[in-house]
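Read through the structure below, which is laid out as C-alpha cells, and then see the notes.
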4 protein chains.
Amino acid sequence: MKRIAVFTSGGDAPGMNAAIRAVVRTATYHGIEVYGIMRGYSGMIKGEFVKLDSASVSNTVQKGGTILKSARSQKFMTKEGRKEAFDQLVNHGIEGLVAIGGNGTFTGAMIFEEEFGIPTVGAPGTIDNDLFGTDYTIGYDTAVNTALEAVDKIRDTADSHDRCFFIEVMGRDSGYIAIPCAIGGGAEIVMVPETQMSEEAVIETLQNGWKRSKTSFIVIVAEGEKEGNAHHVAASVKAAIPQLDTRVTIIGHIQRGGSPTAADRLLGSQIGIAAVEGLMNGMRNVMAGIVDRKLVYTPFSDTIYKKKPINQSFMRMVEILSV
Amino acid sequence: MKRIAVFTSGGDAPGMNAAIRAVVRTATYHGIEVYGIMRGYSGMIKGEFVKLDSASVSNTVQKGGTILKSARSQKFMTKEGRKEAFDQLVNHGIEGLVAIGGNGTFTGAMIFEEEFGIPTVGAPGTIDNDLFGTDYTIGYDTAVNTALEAVDKIRDTADSHDRCFFIEVMGRDSGYIAIPCAIGGGAEIVMVPETQMSEEAVIETLQNGWKRSKTSFIVIVAEGEKEGNAHHVAASVKAAIPQLDTRVTIIGHIQRGGSPTAADRLLGSQIGIAAVEGLMNGMRNVMAGIVDRKLVYTPFSDTIYKKKPINQSFMRMVEILSV
Amino acid sequence: MKRIAVFTSGGDAPGMNAAIRAVVRTATYHGIEVYGIMRGYSGMIKGEFVKLDSASVSNTVQKGGTILKSARSQKFMTKEGRKEAFDQLVNHGIEGLVAIGGNGTFTGAMIFEEEFGIPTVGAPGTIDNDLFGTDYTIGYDTAVNTALEAVDKIRDTADSHDRCFFIEVMGRDSGYIAIPCAIGGGAEIVMVPETQMSEEAVIETLQNGWKRSKTSFIVIVAEGEKEGNAHHVAASVKAAIPQLDTRVTIIGHIQRGGSPTAADRLLGSQIGIAAVEGLMNGMRNVMAGIVDRKLVYTPFSDTIYKKKPINQSFMRMVEILSV
Amino acid sequence: MKRIAVFTSGGDAPGMNAAIRAVVRTATYHGIEVYGIMRGYSGMIKGEFVKLDSASVSNTVQKGGTILKSARSQKFMTKEGRKEAFDQLVNHGIEGLVAIGGNGTFTGAMIFEEEFGIPTVGAPGTIDNDLFGTDYTIGYDTAVNTALEAVDKIRDTADSHDRCFFIEVMGRDSGYIAIPCAIGGGAEIVMVPETQMSEEAVIETLQNGWKRSKTSFIVIVAEGEKEGNAHHVAASVKAAIPQLDTRVTIIGHIQRGGSPTAADRLLGSQIGIAAVEGLMNGMRNVMAGIVDRKLVYTPFSDTIYKKKPINQSFMRMVEILSV
C-alpha cells in the first residue's frame, strides 16, 4: 500500500481531528502517503484532495470539529456519483480509505467497496455512541461532559429559584448521553427512548417529590426523534402540576463542539492508528473499535445492523440515586 | 446600627454569593450582626430569617446561584404584605437592609422605605447589565463568558458543516450580552434591540457573504422581549436563501449559572462591602455601583428611571471586524 | 445489616463525593442507616461520626474534594488505636464500613477486620489509577483532564516563543496520568517510571527534532518518587543543548481538585452502590471495581500486592504520533 | 498610508490574536495593506514578513498565544540591528507599525522612531497589567481567571486535608494578579510587592487563625523578582508553626496560555482598531489604551516611566473578607 486517503462524514464530533492526526502520522511512520478528502463523499466526487504530512496535523489534536470538514452527499447515493468518486481515487492513486463517521458513512463505504473494490476501514466518529463494535465512539465523552457542565450551571439557577427544569440533551434514538447526565447531574428523572417512561409516570414522580417538600427538580430528556421533545413534556407537567415553576433548556449544538476530552483524544488516536494498520494488513469493510479495552475490527454489516444495548444497570442507578 | 439583613431578589446571577459573603464579613468586621433573609421579599413576609456569621459564608465565593435563594412575591406588592414584612423586621431587630437584585427589587425597597422608614442600600445583581449607576452588574461578566464559550463550541460545528447558526443570547431589552459575544465570537452579524436591524438587512449581509464564497456564518440574536426570537429570524433567512444550511441554538438558562468569573467575584465583593458601609454612614434608597473604577452611590430613582446607553462604538466594531 | 458507616482516607480525589452520595442513598434505598466518619481512621478513633441522610448529600455530586475530609492517622497503625476505633464503631452500632481510598486505606481495613471482625468493602478513590482490580480509579479521569488542560495552555506559550517545556504531572510510581497527557497533548516525549527512558535518549530525541528545524517541544515527566523530577531533566537537557530555550512547569496539586468529570461521577456512583450492596451480601475485605465494564469485587490482598500493568501499546502510540 | 505591519513582542498574552485580527481587519476596512512580522524585532531584522488579509485571521480570535510568535532580539538593541530592520521595512514598503507588547517593546519602538522616523502605535499586551496608560492590559483578565481556577481546585484539596497552601501567581513586580486571586479565591493572606508584608506578619496571622481552630489556609504569593518565592515563605512558616501541614504550588506558565476571556477579546479588538486608526491619524510613539472606558493614547515616554499604582482599597478588602 503506497497511498491512502482519510475523510470525515456525517455529524462532526470532537476527537475527529485526533483521529485524522493519528491516521496521517501512522501512515507517515510506515512510509505511506496520505491525502485528506474535504467534505466527505461530496469532496471525493468533486476531487477535493489535499496532501497531508506530519506538519499538516500539528496543533490539531486539541481542536473541536474536523479540519477536513463534513457534508452530506446526495450524489454519492447514486451509482453515477460513486463512479465519479472512484475515478477521482484512481486519478490520485489512492489504494485505501479511512472513513471517520457513523453508520451512514459506513453504509456508503460498504456499497462502494462492493462496486469498485476500494478497501475502507472505518473509525467510529459520532457523539451519539450508538455504534455496535466499540464501547465508546469518538466524541461521546466530550459531548457528555459538555452537557453535564450545562446541567451543573442550570442546577445553580434551579436551586436558587425552586424551579423544575426540563433539559434536553442529544443522542438521537438512544439514552447514552442522557443517562450519565442524569446520574452525574443529580437529576430526579431521566427520559430515554430505551425505557419509554410515560408522561404520567413523570408527573407522578414529581408530585411525590413535591409532597416531600422537594422544590427544585431536574428532568433530563433525550431528544429522541427530533429536537424539542422537552417542550412537550414540560407542557404536560405544567398542566398537571400548575404550582410547579417549569423551564425548558435545549442544550443543542454546543454538544457537538469544543476541545475534546482526554478520553476522546486517546480514543481517536488509538482508532486512527488501528485504521491505518488495519488497511496495511489487508482489512476492508470493517470498523476499528475498542471493546473491553482491546482493539477489535467489526464488519460494517454488524456495526450497521446490530444494536448496542444500553447498560440496564444505569437505569436502576438513577432510581436509587434520586432517593 | 446593631443588626442588618441581606437578601437576594429577582433573577439570580453568578457573584451574588460573593456579595452576600462580603456583606456578612463586613458587618462582622464592624461589629454588626447580620441575618440572611431567604427567598427575597417572600421570605421577609414569612419570617424566613437565618443568622449568619463569618463561617456561614465560607467556601461560597466560587458558587453560582444564591445561597439565600430568590423568589418573586405578589404579596409584597400589596400594602398589607409590606406591613407583615415590616413587622418581621421589627421582631428581628433589623435596622437596615442590603438588597441584591435589579430594578424590581429596588422599586420594592423604595416604596417600602417611604412607608416604613427602613433604610435599604441596593447591590446591582443581574446578568443583564441594564442598570444605570454602575458600569457592570454582578453576574454580567460570567454570563458573557458562558455565552461566548457556547459560541466557540458552535463555531467548531458551524465551520465543519458550512452552516449558518442563529445563536440567541439573554439580555432582556438590551444588547449588552449579545455584543461582546459577537465581537469575541467572530460573528458576522449581531441583532440587538438598540439598533433594530431589519431581517432584510440580515438577509442582504448573508447573501453578500455567500457571494464572496463564505460558507459558514454566525448571527448573534439578543433574546429581546421573549425567548425564541432567533427562530423567527432563521425562518425568514431560510425562506430568502434556501441554499443556506441554517440552525438555531438558544443558549438559555445556562447563562444564569456557573462559578462566577474573577471580575464578578471582585465586583460582588466591592459592592457588598460598600453596601454595608453605606448603611453605616446613613445612606438609604441608593444602589452601590462602580463607575469608572470608583465607588458611586446612585439614588434608586435614578437606577430605575434612567437608561444606561450601550457603547455605540461597539456596533461599529462588529461591522469592521466582520470585514 | 442495620447501620453502616462511610469514610474517605488517603489523598483526596474528585468523585469521592459522588461515591459518598451513592453510599448514602443506596443505604437509604435499602432501609439501612448510614453515618459519615470525618477524617478517615483519625476521626474513627476520635468518634467524629455524623448521621447522614439523603438530603445531606444533595448538591455534592459535582464537588471536588471530599465532604468527609481525609487525614492520615499514625495512631490507627497501633493496635491500641484500632481498639479505640473499634469501640467507637460498637458504640455507634456500626456493622459494616465503606472505605474510600487507596492501598494504605485498604491495608488498614484488612488488619482491622482480622483483629475485630468488622467487614469493610473498599472503593478505589485515588487520582493515580494504580490499583489492581479496577480499570479506572475514582478521580483519575478528572486528574488527567485537568493536567491535559494545563498542557494545552502551555503549548500556546511554547509555540509562541519556540520553547521546550518540561511539564511534570502527578501519578506516583506510574505513568497513568503522564501517558494520556502526552498522547492527547501532542507531546514529543513522555518520561514514565515504567520505561525509565534515559536522559541521554531524551536529549537525542530533542536534538533530532532540532535538526529537523522543530523549535517548540513538550516533554511530559511523571513525578515519580518525588515532586521536582522535571527540574533535573530540564537542567541536563539545557547543559547538553544550550540553544534550547527550556522551561519547567510542575502542575502540582491542582490535579487533585476540581469538579469531577462525567466519567468520575458515574464511576463513583457505580462503586458507591456496589460497595453498599456488597456489604449487604456479606462481603468483606474486598474492593469494588469495574473491569471491562463489569462490576468486580477483588480481595484487598490482591489490590494491595498485585500490580496493574500499564497498557504497553500506549508507549508505542507516543512514538508514532510524534513522528 | 498604504501599508502597515503588525508584530508581537515580549511575553505572549491571551488576546494578542484578537488584537492582530482587529489590526488586519481595520486596515482592510480602510483599504490599507497589512503585513505580519514574525517573532517581533528579530523577524523584522531577518525579513520574516507575511502578507495578511481578512481570511488570514479567521478563527483566531479565540486562540491563546500569538500567531505571529514572539522572541527577544539582542541584535535590535544595537544600532546596526535597527538599521537592518529599517531596511527591511523600506524594502517591504511599510509606512507604519503596530507593536503589541509591553515596555521593552515600546522602548525599542521609541528609539527606532527617533533614529529612522518610522511611526509606531503600541498595544498593551501583557498578562502583568503593569502598564501606565490603560486600566487593563490585553491578557490580564484571562491570566487572573486561569490563576483563580487553579486556586479553586487547590481549595478543594486544602479543605479536604486541613492544609495550608502557598500558591504563587505571576505578575512580576506587582500584585495585580495576586490580589483578585486572593479576594476571589477566599485566601486568608496575600503577599504582594506593593505592601511587603513580612514573614513574621504572615506567621502571626496564621497562628491567630489556628488558635480560632481554623485548619485550612490559602496564602497567595506574588512571584515578585523570580519564580519560587512561595517556597521560601512556606519554609519559614513551617519552621515557626510545625503543626501546620504546608504545601506549595507554583501556578507558572499556564497563566500565559489558554483561550482569552470575553474581556480580553473585546479589549484586544478595541485596541487593535484604535492602533490602526491612530496611525492613520498621524500618531506615533503612543500606546492605545482604555482608561475609564474611554480610548486614550499615551506617549511611550509615559507608559515606560510612569507607574500605575494598585488600587489601595483592594488591600483593605482582603483584610475585611478574611475575617
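Of all chain A residues, the one whose Cβ lies closest to the rotation axis that maps A onto C, given with that distance rounded to whole Å, is A:D292, 2. Backbone amide hydrogens, once placed in the peptide plane, bring A:I4 within less than 5 Å of A:E33, A:V34, A:Y35, A:E95, excluding anything fewer than 5 places away on its chain.
Longest stretch of chain D clear of exposed loop sites (trypsin sites (Lys or Arg not before Pro), DSSP loop, at most 10 other Cβ atoms within 10 Å, sites excluded): D:3-211. Per-residue ellipticity at 222 nm computed for chain D from its helices equals -13500 deg cm²/dmol, with DSSP H segments shorter than 4 residues left out and the rest contributing -39,500 (n - 2.57). Counting only DSSP beta bridges with both residues in chain D, what percent are antiparallel, rounded to the nearest 5? Roughly 25 percent of the DSSP beta bridges within chain D come out antiparallel.
Structure remark: mean-square fluctuation, Gaussian network model of chain B, C-alpha springs under 10 Å; the largest value among B:L131, B:L206, B:L97 belongs to B:L206. Since only B:S160, B:G224, B:A187 are under comparison, the one whose Cα sits farthest along the positive direction of the charge dipole of region B:143-256, derived from C-beta charges on Lys, Arg, Asp and Glu, is B:S160.
Placing a label point 7 Å from Cα along the Cα-to-Cβ axis, C:A240 is separated from the same position in the other copies by 4.4, 6.4, 6.9 nm, shortest listed first.
Residue by residue along D:265-278, Cβ atoms of other protein chains within 10 Å of the local Cβ number 3 on average. For region B:9-78, the relative contact order comes to 48 percent (Cα pairs under 8 Å, sequence separation of at least 6). Counting neighbouring Cβ atoms within 10 Å and putting the fewest first, the residues C:S56, D:S58 line up as D:S58, C:S56. Converting phi to 3J(HN,Hα) with the Karplus coefficients 6.51, -1.76 and 1.60 and the offset θ = phi - 60°, region C:207-222 yields 5, 4, x, 4, 5, 7, 6, 6, 10, 10, 9, 10, 10, 8, 10, 6 Hz in sequence order, with x at every glycine or proline.
Computed over region A:141-256, relative contact order equals 39 percent, with contacts defined as Cα pairs under 8 Å that lie 6+ residues apart.
Across the protein assembly as shown, counting alpha-carbon atoms alone, Rg and Dmax equal 30.3, 89 Å. In the Gaussian network model of chain B, springs joining C-alpha atoms below 10 Å, which of B:G175, B:G209, B:G101 carries the largest mean-square fluctuation? In the Gaussian network model the winner is B:G209. Taking 20 Å as the straight-line reach from the Cα of D:K308, the lysines in range (excluding those fewer than 8 positions away in the same chain) are B:K294, D:K294.
When a/c is below 1.5 the answer is rounded, else prolate if a/b is larger than b/c, else oblate, so apply that to region B:220-323 with a ≥ b ≥ c taken from the square roots of the Cα gyration tensor eigenvalues. Prolate, since a/c reaches 1.5 and a/b exceeds b/c. Rounded, prolate or oblate: which fits region A:1-115 when a ≥ b ≥ c are the square roots of the eigenvalues of the alpha-carbon gyration tensor, with rounded for a/c under 1.5 and prolate only if a/b beats b/c? Here region A:1-115 falls in the oblate category.
The percentage of C-alpha pairs in chain A whose separation is greater than 38 Å is 23%. Each residue of region B:89-94 is assigned a 3J(HN,Hα), and the resulting list reads 4, 4, 4, 8, x, 7 Hz, derived from the Karplus form 6.51 cos²θ - 1.76 cosθ + 1.60 (θ = phi - 60°), x at Gly and Pro. The aspartates and glutamates within cross-link reach of C:K83, meaning a Cα-to-Cα straight distance under 16 Å and a gap of 8 or more places when in the same chain, are C:E48, C:E95, C:E113, C:E114, C:E115. Against the main long axis of the alpha-carbon atoms of chain A, helix A:312-321 sits at an angle near 30°. Need the C-alpha centroid separation for region D:246-323 versus region B:181-232, integer Å. Cα centroid to Cα centroid, the span is 31 Å. Residues whose amide H falls under 5 Å from that of D:I189, counting only those 5 or more places apart or on a different chain, are D:I218, D:I220, with hydrogens built in the peptide plane. Amide H to amide H, with H built 1.01 Å from N, A:T246 comes under 5 Å of A:C164, counting only residues 5 or more places away or on other chains. Annotation: lysines with alpha-carbon distance below 20 angstrom to D:K238 (same-chain offsets under eight excluded): C:K226, D:K211, D:K214. 3J(HN,Hα) couplings calculated from phi for region A:136-141 with the Karplus curve 6.51 cos²θ - 1.76 cosθ + 1.60 (θ = phi - 60°) are, in sequence order, 10, 9, 5, x, 5, 4 Hz; Gly and Pro show x. Once R0 is set to 51 Å, what does the formula 1/(1 + (r/R0)^6) return for the Cβ-Cβ distance between B:I241 and A:N208, expressed as a FRET efficiency to the nearest 0.05? For B:I241 and A:N208, the calculated efficiency is 0.55.
Build a GNM of chain D with springs between Cα atoms under 10 Å apart, and of D:G224, D:G122, D:G31 the one that fluctuates most is D:G31. In region D:143-256, the inverse of the mean reciprocal separation of distinct Cα atoms equals 13.7 Å; this is its Kirkwood hydrodynamic radius.
Just so you know, all these numbers are worked out from the coordinates, no wet-lab data involved. Just so we're clear, the structure is a prediction, and the values are computed from it rather than from any experiment. Here Cβ is always computed from backbone atoms with ideal geometry, including for glycine, and neighbour counts include all displayed protein chains.
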